[in-house]
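Engineer: Quick one: this structure, given as C-alpha cells, is what I'll be asking you about.
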Amino acid sequence: MKSPAPAAGVPGAPAAPSKRKSVTGTRTTVAALFLLPALVLLGALVVYPIGYSVVRSFYDQSGDGFAGFDNYQALFTDDGIRTALKNNIIWVVFAPTVATALGLIFAVLTERVRWGTAFKLVVFMPMAISMLAAGIIFRLVYDQDPDKGVANAVWVGVHDTFAQSSAFPKAHPGRESPLEPAGGGAFITKEPVRPGEPVTLPLVGVAPDLMPDDARPAAKPQAEPGKITGTTWQDFTRGEGVGTLGAPDPSEFGYPGMRIEAVKDGEVVASTTAAGDGTFSLPASAEGALLRLPADNFEEPYNGLDWLGPSLVTPAIIGSYIWMWAGFAMVLIAAGLAGVPRELLEAARVDGATEWQVFRRVTVPLLAPVLAVVIVTLMINVLKVFDLVFIIAPGSSQDDANVLALELYRKGFAEDQPGVASAIAVFLLLLVIPVMWFNVRRLRREVRR
C-alpha cells in the first residue's frame, strides 16, 4: 500500500517548479527585455528595409502598378546593368585575390625584419582613411597631367629614360618659309638644294622659355665647297617690328638636335642633326635633294597613360582598393601566422626544404582557414563597392567603370526608377547570401574543432 505524498510545506516535500532560466542562469523574461532594443533596431534598420525592397521590386516606377518580374528582367537586358554586372565579376575575381596575396607576402616577409612592425603600421594606415577620402586622393594620383598625377609622373619619367621626347613639339614653318608640309607631321623644302648655296630653314611655334638648355644664338650658314650647309632656328624675336624675317637675328636661337634628311626620289640619301646654333652640314651626295624635317622632330611629349579612360578605369580603381585593403589582409594573416607552430617550419627546413617549399607546402596550407576568412570578407566587401567608383571615375568614363551598387544609386535617384533599383538591391543580397552562408558554415566547423 502506497504512502500518501507529503504535503506542501512539510519537510521532505518537493519544491514548487520555478520559472524557466536560460543556460546562463538568467530568466528568459529578463533576457528578452535586454534583447528587445537590439531586436527593434535590427527590425527597423535591416529586416524592414529588406522586406520593403523585395516588395517594391515588383512594382512599377510610380509604385501603384504591379510590374511582376519586369524589373528583374531589366537586370539582364539593360546595357548599364549588364556592364555593372561584368565589372562586379572582375572586382570579385581580382580585388580579393590580389589584396590577399599581397597581405600574405607582407605578413611573411615582415617576420624576418626588425622594422616589421613599422612596415605593418604603414601598410595598414590606409584603413584609417574613409573611402571618400581615398577616392579623392586617387583621383589626383591618376590625373592625366604628369605635373599633377603621381602615376603619370612616374610613368613618364620611366618612359623618357629610354625614349626621350622631342623638344620642338609645336614648331612649324612661318610666313614666306621655304618649307611646306610633307604629310604625317613632317616638313620639306620646296626647292632642291645645291652645294655652295646655304639653306635657311626657319621655324616658329616654340616658346622661348621652352627652348632646350643647349640652344645657342643662331648662326648664319656659311657656304662650303662640295657640301650642303644651312641653319634651322627659331625665327621669332620678341617685340613688334624687331628682327629680320627669314634671317637669323642675334636674339634668336638655333634648334639643337633637329634632324635633317636629304630625300631623292622618296629615299633618304643623307641625314644629319643641327648643332647648338642650328647650323648643319650634309655631304655632296645630297645635291639635288629636298631637305626634310622628319615628323619625329615635332612629336608631342609623352603624356603617360589615360588611367581614368574607358579601358583602364576599372583596373585603376581596383588598384586604389587594394592599396586600402592589403593592410587589412596583412594584419589578419599575420595574426594567423603567429599561431603557426614553429616546430613544423623548422622540421621542414631540417629535412632539406627550401624557403619557397616551406612557404608553399607548409605555411600556406596551415594558413588556409585564415586566407579563406580574408578572401570571403573581401568578396562581400567588393560586391558592395560604391564610394571609390563614384569618386574616382570621371563622368566621361563612369559608365565604363559602373558597378551594381553605383547603378542602384543611379537608377534610384538620377533616373527615378525605384522599382529597378530595388531589384538590383535584392539581386545584390542574393549574391552576398551564398558567400555569407559559406563563411558561417566554415566558422561552425572551426568551433567544432
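Engineer: Across region 173-187, in residue order, what do the Karplus-derived ³J(HN,Hα) couplings come to in whole Hz, using 6.51 cos²θ - 1.76 cosθ + 1.60 with θ = phi - 60° and x for Gly and Pro?
Structural biologist: Rounded to whole hertz, the list is x, x, 6, 6, 8, x, 9, 9, x, 10, x, x, x, 8, 10.
Engineer: Would you work out which of 297, 253, 272 lies farthest towards the positive end of the dipole of region 179-298? Charges go on Cβ: Lys and Arg +1, Asp and Glu -1.
Structural biologist: Most positive-ward Cα: 272.
Engineer: A follow-up question, please. Note the count of lysine pairs whose C-alpha atoms are less than 25 angstrom apart in the chain, limited to pairs 8 or more residues apart or on different chains.
Structural biologist: Eligible lysine pairs with Cα atoms under 25 Å apart amount to 10.
Engineer: In the chain, with Lys and Arg counted as +1 and Asp and Glu as -1 at Cβ, which of these residues, 46, 157, 59, has the Cα nearest the positive end of the dipole, that is, farthest along it?
Structural biologist: 46
Engineer: Can you give me the Cα centroid spacing of region 26-103 and region 159-178 in angstrom?
Structural biologist: 57
Engineer: Label residue 273 and residue 79 with points 7 Å out from Cα along Cα→Cβ: what is the distance between them in nm?
Structural biologist: 4.9
Engineer: I've got another one for you. Where nothing but the Cβ of Lys and Arg (+1) and of Asp and Glu (-1) is charged, how large is the charge dipole of the chain around its Cα centre, in debye to the nearest 20? Intermediate results must be reported in sequence, preceding the final value.
Structural biologist: On the way: 37 positive and 42 negative charges, 890 e Å.
Dipole of the chain, to the nearest 20 debye: 4280 debye.
Engineer: Ok, one more. For residue 39 and residue 441, FRET efficiency with R0 = 22 Å and r from the beta-carbon atoms, rounded to 0.05?
Structural biologist: Numbers: r = 25 Å, r/R0 = 1.13.
E(calc), rounded to 0.05, equals 0.35.
Engineer: Now for a separate question. Please list the non-local residues whose amide H lies under 5 Å from the amide H of residue 415, H modeled 1.01 Å from N, same-chain partners needing a gap of 5 or more.
Structural biologist: none
Engineer: Roughly how compact is region 179-298, stated as its Cα Rg over 2.2 N^0.38 Å to two decimals? Before the final figure, lay out each step's value.
Structural biologist: Values: Rg = 13.8 Å, N = 120, 2.2 N^0.38 = 13.6 Å.
Cα-based Rg divided by the globular estimate yields 1.02.
Engineer: If you don't mind, another one. Which part of region 271-312 falls in the paramagnetic zone of residue 161, meaning amide N under 15 Å from the point 7 Å along Cα-to-beta-carbon?
Structural biologist: Flagged as within label range: none.
Engineer: Then there is this: Which value in Å is the Kirkwood Rh of region 284-341 over different Cα pairs?
Structural biologist: On the way: mean 1/r = 0.0583 Å⁻¹.
Its Kirkwood hydrodynamic radius stands at 17.1 Å.
Engineer: Given charges of +1 on the Cβ of Lys and Arg and -1 on the Cβ of Asp and Glu, with all other atoms neutral, how large is the dipole of region 192-295 about its Cα centre, in debye to the nearest 20?
Structural biologist: Working: 8 positive and 14 negative charges, 39 e Å.
Using Cβ point charges on Lys, Arg, Asp and Glu, region 192-295 gives about 180 debye.
Engineer: Local charge sum around residue 202 (other residues, Cβ-Cβ under 11 Å, Lys/Arg +1, Asp/Glu -1)? The partial results should precede the final answer.
Structural biologist: Values: positive: 175; negative: 176, 235, 249, 252.
My count for the surroundings of residue 202 gives -3.
Engineer: Now for a different question. What are the ³J(HN,Hα) couplings of region 118-130, residue after residue, when phi is run through the Karplus curve with 6.51, -1.76, 1.60 and θ = phi - 60°? Round to Hz, x for glycine and proline.
Structural biologist: Once θ is set to phi - 60°, the couplings for region 118-130 become 5, 5, 4, 4, 5, 5, 7, 4, x, 5, 7, 9, 5 Hz.
Engineer: Calculate one ³J(HN,Hα) per residue across region 380-396 by plugging θ = phi - 60° into the Karplus curve 6.51 cos²θ - 1.76 cosθ + 1.60, and present them in order as whole Hz with x for glycine and proline.
Structural biologist: 4, 5, 6, 5, 9, 4, 9, 4, 4, 5, 5, 7, 6, 5, x, x, 5
Engineer: What's the local net charge at residue 272, with K and R +1, D and E -1, over the other residues with C-beta under 9 Å away? Working shown, then result.
Structural biologist: Numbers: positive: 259; negative: 261.
Its environment carries a net charge of 0.
Engineer: Report, by chain and number, residues whose modeled amide H sits under 5 Å from the one on residue 227, excluding near sequence neighbours (fewer than 5 apart, same chain).
Structural biologist: 196
Engineer: Okay, moving on. If you count the DSSP beta bridges with both ends in the chain, what percent of them are antiparallel, to the nearest 5?
Structural biologist: Details: 24 of 29 bridges.
Given both bridge residues lie in the chain, the antiparallel proportion sits at roughly 85 percent.
Engineer: Okay, moving on. Rounded, prolate or oblate: which fits region 60-128 when a ≥ b ≥ c are the square roots of the eigenvalues of the alpha-carbon gyration tensor, with rounded for a/c under 1.5 and prolate only if a/b beats b/c?
Structural biologist: Values: a/c = 5.97, a/b = 3.33, b/c = 1.79.
In terms of gyration-tensor shape, prolate.
Engineer: Select from 381, 286, 348 the residue farthest towards the positive end of the dipole of the chain; place +1 on Cβ of Lys and Arg, -1 on Cβ of Asp and Glu, and compute about the Cα centre.
Structural biologist: Going by the charge dipole, the pick is 348.
Engineer: A further question on this structure: Which percent of Cα pairs goes in each bin when the distances of region 370-416 are cut into 5 angstrom slices starting at zero?
Structural biologist: 5, 20, 23, 21, 13, 9, 6, 3, 1
Engineer: Considering the chain as a Gaussian network with a 10 Å cut-off on Cα pairs, which listed residue, 188, 380, 333, attains the greatest mean-square fluctuation?
Structural biologist: Comparing 188, 380, 333 in the GNM, the peak value goes to 188.
Engineer: Further, regarding this structure: Work out the FRET efficiency for residue 172 and residue 311 from their Cβ-Cβ distance, taking R0 = 30 Å, and round it to the nearest 0.05.
Structural biologist: Numbers: r = 32 Å, r/R0 = 1.06.
It comes out at approximately 0.40.
Engineer: Quick one: Cα centre-to-centre distance for region 205-270 and region 292-345, in angstrom?
Structural biologist: 45
Engineer: Using modelled backbone amide H atoms (1.01 Å from N, in-plane), which distant-in-sequence or interchain residues come within less than 5 Å of residue 182's amide H?
Structural biologist: Correct list: 187, 188.
Every number here is computed from the coordinates shown, using simple stated rules; none is lab data. Fair warning: this is a prediction, and the values are worked out from it, not measured in the lab. A quick note on method: Cβ atoms are made from the backbone with ideal geometry, for glycine too, and the neighbour counts reach across all protein chains shown.
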